[in-house]
Amino acid sequence: MLEDNMENRHCNSCECSCEGNNEMSCACKNDLREEMMMQLRAYKFSIIELALYLDTHPDDEKALCLHREYAKKAKELADKYQKMFGPLTIDYPCKKWRWLEEPWPWERGNF
């Protein structure tokens, strides 16, 4: 899955230039950020759908196992995302409001 590719991702895989200290450029960080958000949304969608299915099929061990697995992976991915890019929700502990440092969507032109 996507999170396996993110662990060892290097800039040459997303066709961007890197600084000498092996940090990703802005374009590569934005690509990674979007990929992580897309994967997180997919996990959350799957978790909700599995929960709805389990409402009517509570004895389905495979679905229950998948629900647990996706919930664990979603939490791990959310934690990783928040360490890299800042909080996803207001209840995530942080030292400062990092989102104030970035341009708003209308300033980026991403409507």
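When the chain is fully extended, how far beyond the present Cα-Cα distance does residue 33 get from residue 91, taking 0.36 nm per residue of separation? Present the calculation step by step, with values, prior to reporting the outcome.
Values: separation 58, 0.36 × 58 = 20.88 nm, distance 2.00 nm.
So the extension gain works out to 18.9 nm.
Taking 0.36 nm per residue of sequence separation and removing the Cα-Cα distance, the residue 45/residue 62 pair yields an extension gain of 4.4 nm.
Summarising the label geometry, the points placed 7 Å from Cα in the beta-carbon direction at residue 80 and residue 107 lie 2.9 nm from one another.
We did not get these values from a lab; they are worked out from the coordinates using the rules stated. A quick note: this is a predicted structure, and the numbers were derived from the prediction, not measured. Methodologically, a virtual Cβ is constructed for each residue, glycine included, from the backbone with ideal geometry; neighbour enumeration extends over all protein chains shown.
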